[in-house]
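Take a look at the structure below.
The values are calculated or read from the model by the stated rules, or taken from the named source; none is laboratory data. Predicted model only: the values in this text are computed from it and were never measured. As a convention, Cβ positions derive from the backbone with ideal geometry for all residues, glycine included, and neighbour counts pool all protein chains shown. Heads up: the accessible areas ignore ligands, DNA and RNA and are worked out on the full protein's heavy atoms, side chains in. Shrake-Rupley method; radii C 1.70, N 1.55, O 1.52, S 1.80 Å.
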Amino acid sequence: MSRWFNKLPGFRKTPAGLERVILRELPRATLLGTGALLLPSLLVRLLEWQAPALESAGGLAMLDVYVISLVVLHWTVMLTVGIGAFIVMVMKGPAYVADPYPLQESELRPPGD
């Protein structure tokens with residue numbers, strides 16, 4: 001029985017590039033982006049606390065809906081970017097050889113032979 005992962009002999013790994021930087025900075029970008037997107041809702045709450053009649057309840061609820069939807073969109077974008085960077089990192093890794101598949105001779109010939 002052969003090993004599962006047989007590395008292709010003579011294959012050179014591609015050096016790490018921007019995908020490693022992206023994966024390293026992704027948690028910080030996610031937290032900072034989430035915090036920045038939550039600021040409008042927090043600021044309106046703070047101003048409402050100082051002046052209670054500043055906004056109507058409907059306007060605050062609508063702002064909260066917009067902020068929550070933007071935060072979810074931000075998380076989705078960060079997840080997509082992370083998956084893409086991970087795929088690039090895996091594809092730059094070593095090449096592997098699959099199990100050999102013996103090709104049977106066929107009577108059919110390609111056109112032009």
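Which one is most open to solvent (accessible area, probe 1.4 Å) among residues in the stretch 74-83 that are touching a residue at least 24 places away in the same chain (Cβ under 8 Å) and out of contact with any Gly (no Cβ under 6 Å at 6 or more places or on another chain)? Before you say what the answer is, go through the steps one by one.
First, pick out the residues of the stretch 74-83 that are touching a residue at least 24 places away in the same chain (Cβ under 8 Å): 74-75, 78, 81-82.
Pick out the ones that are also out of contact with any Gly (no Cβ under 6 Å at 6 or more places or on another chain) and you get 75, 78, 81-82.
Details: 75: 129, 78: 36, 81: 61, 82: 12 Å².
Of everything passing the filter in the stretch 74-83, 75 is most open to solvent (accessible area, probe 1.4 Å).
Would you tally the residues in the stretch 85-104 being open to solvent by 100 Å² or more (accessible area, probe 1.4 Å), part of a loop (DSSP other than H, G, I, E, B) and at pLDDT 70 or above?
1
Check 44, 77 and return the single one that is at pLDDT below 95 and either in contact with a His (Cβ under 9 Å, 6 or more places away or on another chain) or part of a helix (DSSP H, G or I) (or both). Steps first, answer last, please.
Working: 77 fails: at pLDDT below 95.
From the options 44, 77, the qualifying one is 44.
Confirm whether residue 61 is at pLDDT 80 or above, more than 30 Å from residue 18 (Cβ to Cβ) and part of a helix (DSSP H, G or I). If you could, list the steps in order and put the result at the bottom.
Numbers: at pLDDT 80 or above: yes; more than 30 Å from residue 18 (Cβ to Cβ): yes; part of a helix (DSSP H, G or I): yes.
So residue 61 fits the description; yes.
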